[in-house]
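Here's the structure we're looking at; comments come further down.
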Amino acid sequence: MILKKDISIHYELSGSLQSPALVLSHALGTNLTLWDQQVEPLQRSFRILRYDSRGHGQSAANHGPYTISMLASDVLSLLDELGIARAHFCGISMGGLVGQYLALYHPERIGNLVLSNTAAKIGTFAKYDRRIREVTNAGMSAVVDEVLEGWFSDRFRAMQPSIVASFADALRRTSPEGYIGCCQAIRDSDFSLNVERIKAATLIIAGTEDQATTLAASQFLHQKIQNSQLVALESAHLCCTEAAAEFTDRVNRFLTAKTDYHE
């Protein structure tokens, strides 16, 4: 846990001190356990830093509104606290927005970039305003069914009910204030006009059944980011869980091939 002047951020660090650092940044309504299936295989090559975004998991939830720049500042504070000058970054959904911000405005801190199930602009103002109203009026339970339908395909929900149930529990336990703050951050973020300035080598991962951040949204990122590659996995929104093995392999191969720096 690190303490900033306004908030405490929970994190876990694993892997060799001699390995290049890799930050894993989770989606709205999840927490650092989203990456449980990635940590063991990736820490063979990388020093893994995963954390709970503000308002999620064991990190504190202060009063909103939040912004993507605020969430990115939390990452920079973690890196500073841990003495990590530069790291690869893998972000999914909301975490992908954080990754885009860091690559645009703090490129000296980011090695290579993985943007999974994300977009230059995620969703609409109306969608997130509705989510905010629902959680404000009725708590986290009000959005669980809708969110789960977006996170996982019908096929995966039928085949892996225990995994889906664990994600539902984590979503229900998420701080309403933290969830609302991050909804505001996503709602107000739009990198459509400047994402083309990202210079980092970038792997873009899309889900073929992702309705929240569609394949078309990933194709837009691929067209705009010059040094990028795009892969599509058979999955809905949370590729790192639904297509865990292929996701991890793609990330590992991309970052291993691209790693050309030392902290």
* To do: Taking Ser162 as the residue in question, decide whether it is part of a loop (DSSP other than H, G, I, E, B) and over 21 Å from His88 (Cα atoms).
  => no
* Structure fact -> Considering the stretch 85-124, residues that are in a loop (DSSP other than H, G, I, E, B) and not hydrophobic (A, V, I, L, M, F, W, C), and then whichever is surrounded by the most Cβ atoms within 10 Å (Cβ to Cβ), we arrive at Asn117
* **Among (1) closer than 23 Å to Ser53 by Cα; (2) surrounded by 21 or more Cβ atoms within 10 Å (Cβ to Cβ); (3) polar (S, T, N, Q) - the single one Ser235 does not satisfy** => (1)
* **Sole residue being among the hydrophobic types (A, V, I, L, M, F, W, C), surrounded by fewer than 24 Cβ atoms within 10 Å (Cβ to Cβ) and without any contact (Cβ under 8 Å) to a residue 24 or more places away in the chain, chosen from Ala142, Ala61** => Ala142
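Looking at Ile48, is it surrounded by 19 or more Cβ atoms within 10 Å (Cβ to Cβ), closer than 24 Å to Asn252 by Cβ and among the β-branched types (Val, Ile, Thr)?
Values: surrounded by 19 or more Cβ atoms within 10 Å (Cβ to Cβ): yes; closer than 24 Å to Asn252 by Cβ: yes; among the β-branched types (Val, Ile, Thr): yes.
Yes.
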* Structure fact -> Checked Ala257, Ala236 against criteria (in a helix (DSSP H, G or I) and either among the aliphatic types (A, V, I, L, M) or closer than 19 Å to Met94 by Cα (or both)); the one match is Ala257
* Selected residue [under 22 Å from Thr33 (Cα atoms) and at pLDDT 95 or above] from Ala126, Ala185, Ala200 -> Ala185
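Here is a yes/no grid of residues against (1) open to solvent by 10 Å² or more (accessible area, probe 1.4 Å); (2) among the small types (Gly, Ala, Ser):
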site: Gly181; (1), (2): no, yes
site: Arg187; (1), (2): yes, no
site: Asn194; (1), (2): yes, no
site: Arg197; (1), (2): yes, no
site: Ala200; (1), (2): yes, yes
site: Asp210; (1), (2): no, no
site: Gln226; (1), (2): yes, no
site: Val231; (1), (2): yes, no
site: Cys240; (1), (2): no, no
* Asked: Is it the case that some residue within the stretch 23-35 is out of contact with any Pro (no Cβ under 7 Å at 6 or more places or on another chain), in a helix (DSSP H, G or I), under 21 Å from Thr202 (Cβ atoms) and open to solvent by less than 40 Å² (accessible area, probe 1.4 Å)?
  -> yes
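The values are calculated or read from the model by the stated rules, or taken from the named source; none is laboratory data. Everything quoted here is computed from the prediction, not taken from an experiment. For neighbour counting, all protein chains shown are included, and Cβ atoms are generated from backbone atoms with ideal geometry for every residue, glycine included. In case anyone asks, the SASA skips ligands and DNA or RNA and just uses the protein heavy atoms, side chains included. Shrake-Rupley method; radii C 1.70, N 1.55, O 1.52, S 1.80 Å.
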